[in-house]
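Reviewing the structure listed below.
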């Protein structure tokens with residue numbers, strides 16, 4: 001069976017693009033929130049923690065449905081976006097990024113928060129006692145000591161963005177050349193009996209994930 005290479009590479013490229021953007025966005029958001037939450041207790045802490053972790057235990061289709069309502073034309077967010085850009089958020093690759101960020105956030109947040117909590121507070125206090133500013137403490141003490149957790153969190157964000165299916169197909173659909181990612185392409189290929197193409201996409205996503213993991217492991 002002859003392979004259409006344009007058809008093959010389109011979902012791969014889109015999946016990598018979404019995964020890279022997702023990993024960067026979710027890493028920044030999760031790291032910021034995790035630093036604020038690590039080692040602190042305040043009224044409503046448990047409730048806030050539950051809300052932050054909720055996408056981890058909810059089925060992806062439920063997350064997708066909620067996003068569909070929030071980003072749809074009948075919501076103020078969707079309406080405002082459509083007025084500003086004259087197009088909808090839904091069924092675009094941007095919607096796939098939003099879905100992946102929401103689904104990946106709890107994994108990255110939990111991993112990074114654990115890394116921040118393992119940092120020896122005495123070392124941070126010693127740096128402050130030597131006249132270091134909070135930014136210097138963060139840069140030269142906290143981040144290096146939590147480096148492995150940060151690297152792991154980044155990898156998880158990338159992998160989750162690369163493999164997201166349920167929420168993505170709800171808000172971005174499966175439009176070839178526009179919103180079709182590797183996971184949705186695999187589903188369609190298997191459903192259509194094209195096992196050769198399905199195996200090629202499966203191998204591509206395994207190779208990309210393995211290379212990303214190897215790179216981060218060497219850097220950390």
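Could you tell me whether the range 18-37 includes any residue that is in contact with a helix residue (DSSP H, G or I) (Cβ under 9 Å, 6 or more places away or on another chain), in a loop (DSSP other than H, G, I, E, B) and under 30 Å from residue 151 (Cβ atoms)?
no
For the range 175-199, name all the residues that are touching a helix residue (DSSP H, G or I) at 6+ places or on another chain (Cβ under 6 Å), modelled with pLDDT of 90 or more and surrounded by fewer than 18 Cβ atoms within 10 Å (Cβ to Cβ).
190
Looking at the range 200-220 only, could you name the residues that are surrounded by fewer than 16 Cβ atoms within 10 Å (Cβ to Cβ) and at pLDDT below 90?
Residues satisfying the conditions are 210, 211, 213, 214, 215, 217, 218, 219, 220.
For residue 178, all conditions in the list (1) outside any helix (DSSP H, G or I); (2) within 26 Å of residue 89 (Cβ to Cβ); (3) more than 20 Å from the chain's Cα centre (by Cα) hold save one; what is the number of the exception?
With (1) outside any helix (DSSP H, G or I); (2) within 26 Å of residue 89 (Cβ to Cβ); (3) more than 20 Å from the chain's Cα centre (by Cα) applied to residue 178, the lone miss is (3).
Scan the range 51-79 for residues that are farther than 19 Å from residue 101 by Cβ and either touching a strand residue (DSSP E or B) at 6+ places or on another chain (Cβ under 9 Å) or part of a helix (DSSP H, G or I) (or both) and jot them down.
Of everything in the range 51-79, those that are farther than 19 Å from residue 101 by Cβ and either touching a strand residue (DSSP E or B) at 6+ places or on another chain (Cβ under 9 Å) or part of a helix (DSSP H, G or I) (or both) turn out to be 76, 79.
One line per residue, one yes/no per condition, for (1) closer than 30 Å to residue 137 by Cα; (2) at pLDDT 90 or above:
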position	(1), (2)
38	yes, no
51	yes, yes
65	no, yes
78	no, no
83	no, no
90	no, yes
93	no, yes
116	yes, yes
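If I filter the range 64-97 down to residues being surrounded by fewer than 22 Cβ atoms within 10 Å (Cβ to Cβ) and under 16 Å from the mean Cα position of the chain (by Cα), which single residue comes out as nearest to residue 169 (Cα to Cα)?
Ranking the candidates gives 93 first.
Please pick out the residue among 97, 137, 101, 108 that is without any contact (Cβ under 8 Å) to a residue 60 or more places away in the chain and either in contact with a helix residue (DSSP H, G or I) (Cβ under 9 Å, 6 or more places away or on another chain) or within 18 Å of residue 27 (Cβ to Cβ) (or both).
Exactly one residue qualifies, and that residue is 137.
Tell me yes or no: at least one residue of the range 133-150 is within 30 Å of residue 64 (Cβ to Cβ) and in a helix (DSSP H, G or I).
Yes; the residues of the range 133-150 include at least one that is within 30 Å of residue 64 (Cβ to Cβ) and in a helix (DSSP H, G or I).
Among the residues of the range 195-216 satisfying the criterion of being more than 23 Å from residue 60 (Cβ to Cβ) and touching a residue at least 24 places away in the same chain (Cβ under 8 Å), which is nearest to the chain's Cα centre (by Cα)?
Looking at residues that are more than 23 Å from residue 60 (Cβ to Cβ) and touching a residue at least 24 places away in the same chain (Cβ under 8 Å), I get 216.
Of everything in the range 111-134 that's touching a residue at least 12 places away in the same chain (Cβ under 8 Å), over 22 Å from residue 27 (Cα atoms) and surrounded by 16 or more Cβ atoms within 10 Å (Cβ to Cβ), which residue is farthest from the chain's Cα centre (by Cα)?
Here the answer is 127.
Residues of the range 40-49 being outside any loop (DSSP other than H, G, I, E, B) and either under 19 Å from the mean Cα position of the chain (by Cα) or modelled with pLDDT under 90 (or both), which ones?
Within the range 40-49, 45, 46, 49 meet the criteria.
The values are calculated or read from the model by the stated rules, or taken from the named source; none is laboratory data. No experiment lies behind these values; they were computed from the predicted model shown. Methodologically, a virtual Cβ is constructed for each residue, glycine included, from the backbone with ideal geometry; neighbour enumeration extends over all protein chains shown.
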